[in-house]
Each structure stands twice: as structure tokens, then as C-alpha cells.
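This report concerns only the one structure given below.
The values are calculated or read from the model by the stated rules, or taken from the named source; none is laboratory data. None of the values given here were measured: they were computed from a predicted structure. Cβ: placed from backbone, ideal geometry, glycine included. Neighbour counts: every protein chain shown. Each accessible area value is taken on the protein alone, full model and side chains, heavy atoms only, with ligands, DNA and RNA left out. Shrake-Rupley method; radii C 1.70, N 1.55, O 1.52, S 1.80 Å.
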Amino acid sequence: MKIIQVQNAVEGGQQAFELLKQAFLAGKKTYGLATGGTPETLYQVMIQSDLDFSDCISINLDEYVGLSGENEQSYRYYMNQHLFDHKPFKETYVPNGLASDLTAECARYDAIIQANPIDFQILGIGENGHIGFNEPGTPFDQTTHVVALTPSTIAANQRYFTSKEEVPTHALSMGIASIMQSKEIVLLAFGEKKAQAIQAMLEGEVTESLPASILQKHPNVTVIVDQKAASLL
Ligand code: GLP
């Protein structure tokens, strides 16, 4: 894995954008996108850029079960607000957290990914090493699935909700098998809370206990970290 160390999240977003721009200029059309605080600086640079994504497709990693796209805490709302309302794409896919049949929704999402192989995947990382919502213990060969969020993830994501009780307990997530099929992956991590996960991902063994460690087996991964996230390396 290639590692780029940056001063802060703003510089990290710029560096990620440079990689994304190279893919765009090479004609790549399908972008795997992530939510959370981490990619916000990247999306700001994308919005300010003159790149036109109206011929491109985006496929998001995950969505909370039980939240509609109008709910401000949903990942669909986040994506509209942070990117799509300002920088239109041809198609934007986010799992449907309100689907009445979640198994069918997972199959539908897998079919979307199969029909639109991801050229360039943006990832954040959870404090416990999760990617998307693939929590520790998720089999590496899994595709889109329903996830029971771990107490640590619920606690970490609580900051976006008014109370812990409001944080959904389940999510739909693209699986690790699908993430690994992306042709290029850029993982961003900022802040000391990510330092342990980054160290384990880069220097630890490849294990389902630390989902991001599978990225050691991918041929084209760039990790963009600030000094705090890199402090245990
Ligand atoms: C969330 C999301 C992930 C994200 C991670 C880190 O639970 N499902 O896609 O990468 O946790 O979030 P943040 O960037 O806010 O630290």
C-alpha cells in the first residue's frame, strides 16, 4: 500500500482529489463513495473543481436501516448535501434503508455493483478497523449484507445524533468482496482516534478481526493519513 502523509484533513482532501482527478482524466466513470466526517474535505474540493461528473456513476458503501433519505442522519441525505446537490452525477446509488425486504435490497445492490464495476473507491475507516459498515468478524468474501452495528460503532457515530438511542442499530453495507473488486482504492484517516486502526491495518496481520487489513492484499491502495492518524506507525 502506498502511504501519503499530510498535515491535516484539508490537505488530505486535496491529495485524494488529485488521485481522483487522475482517474477521471483517464476516463474512469464509476466512483465508490463513503460518508462520515473524513471525506468531507475531498467532497468540498470536488465541488469547487471544474470536473463534470454528469456522465459518471456513484455507488455508496452503506446506509442505516430505518432511515429515509429525507432524514438528516441518513447517508443519502449526507451525500446529497455534501456532494450531489452541488455536483450532479448521472446516477447515484445508496442502499435503501427503508426497504421492506432487506435481503432483496442486498441482492439489488449487488446487481448494481456487478453492472457498474467500481473504478475508484473512497474509504474512511472506523476506530475498530471497519470499512463501510463491515464490522470486525465480517467474512472477507461477503457481498452486500445487513449488519448489526457494534456498541463501539454506535458510540462513535452518536456524535451525529442527539442521543445514543437514536443511532440505528443496523445498517446495509457493501461487502468486503465488493470493495476488493474496485480497481483503485483511496483510504483516508485523520486524527488520533484512527491511529490504532491505521497501525493494525498497515502493520498487523490480515485478519477478519480488523476488516481494513484485507487491503494489504489489494494491488492498488493509497492511504492518506495526517500526522495523528500516522502517530503509531
Ligand atoms: C462510519 C461509516 C464509515 C466511515 C467510518 C468513519 O461508521 N460507515 O463508512 O468510514 O464510520 O467515520 P468518520 O469519517 O466520521 O470517522
Check on Pro39, in contact with a His (Cβ under 9 Å, 6 or more places away or on another chain) and crowded, with 19+ Cβ neighbours inside 10 Å: yes
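Taking region 45-65, which residues are open to solvent by 50 Å² or more (accessible area, probe 1.4 Å) and touching a residue at least 40 places away in the same chain (Cβ under 8 Å)? If you could, list the steps in order and put the result at the bottom.
In the first step, residues of region 45-65 are kept if they are open to solvent by 50 Å² or more (accessible area, probe 1.4 Å); the result is 47-48, 50, 52, 54-55.
Residue satisfying the conditions is Ile47 alone.
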Any chance Ile179 is crowded, with 16+ Cβ neighbours inside 10 Å and not in a loop (DSSP other than H, G, I, E, B): yes
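Regarding Ile179, is this residue under 15 Å from the mean Cα position of the chain (by Cα) and either within 12 Å of the ligand (Cβ to nearest atom) or in contact (Cβ under 8 Å) with a residue 12 or more places away in the chain (or both)?
Working: under 15 Å from the mean Cα position of the chain (by Cα): yes; either within 12 Å of the ligand (Cβ to nearest atom) or in contact (Cβ under 8 Å) with a residue 12 or more places away in the chain (or both): yes.
So Ile179 passes the test.
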Residues (under 29 Å from Asp55 (Cβ atoms), more than 16 Å from the ligand (Cβ to nearest atom) and part of a loop (DSSP other than H, G, I, E, B)) located in region 103-145: Asn116, Pro117, Asp119, Thr143
Criterion (more than 13 Å from the ligand (Cβ to nearest atom), of a type outside the set (A, V, I, L, M) and without any contact (Cβ under 8 Å) to a residue 60 or more places away in the chain) met by exactly one of Thr207, Thr222: Thr207
Failed item, numbered, when Thr143 is tested on (1) within 22 Å of Pro219 (Cα to Cα); (2) open to solvent by less than 40 Å² (accessible area, probe 1.4 Å); (3) out of contact with any strand residue (DSSP E or B) (no Cβ under 9 Å at 6 or more places or on another chain): (2)
Elements of type strands (runs of 3 or more DSSP E) contained in region 1-102, each with 1 or more residues being more than 30 Å from Met201 (Cα to Cα): 91-93
Matching residues, region 121-140, being charged (D, E, K, R) and touching a strand residue (DSSP E or B) at 6+ places or on another chain (Cβ under 7 Å): Glu135
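Only residues that are within 24 Å of Pro117 (Cβ to Cβ) and buried (at least 17 other Cβ atoms within 10 Å of the Cβ): list them for region 1-28, please. Talk me through it step by step, then tell me what you get.
So in region 1-28, the residues within 24 Å of Pro117 (Cβ to Cβ) come out as 1-2, 16-28.
Scanning region 1-28 gives Ala16, Phe17, Leu19, Leu20, Ala23, Phe24.
Before we move on, is Arg76 within 16 Å of the ligand (Cβ to nearest atom), out of contact with any Cys (no Cβ under 6 Å at 6 or more places or on another chain), open to solvent by 20 Å² or more (accessible area, probe 1.4 Å) and basic (Lys, Arg)?
Numbers: within 16 Å of the ligand (Cβ to nearest atom): yes; out of contact with any Cys (no Cβ under 6 Å at 6 or more places or on another chain): yes; open to solvent by 20 Å² or more (accessible area, probe 1.4 Å): yes; basic (Lys, Arg): yes.
For Arg76, the condition - within 16 Å of the ligand (Cβ to nearest atom), out of contact with any Cys (no Cβ under 6 Å at 6 or more places or on another chain), open to solvent by 20 Å² or more (accessible area, probe 1.4 Å) and basic (Lys, Arg) - is met.
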Candidates Ala195, Ala171 - the one that is open to solvent by less than 30 Å² (accessible area, probe 1.4 Å), in a helix (DSSP H, G or I), within 15 Å of the ligand (Cβ to nearest atom) and in contact with a strand residue (DSSP E or B) (Cβ under 9 Å, 6 or more places away or on another chain): Ala195
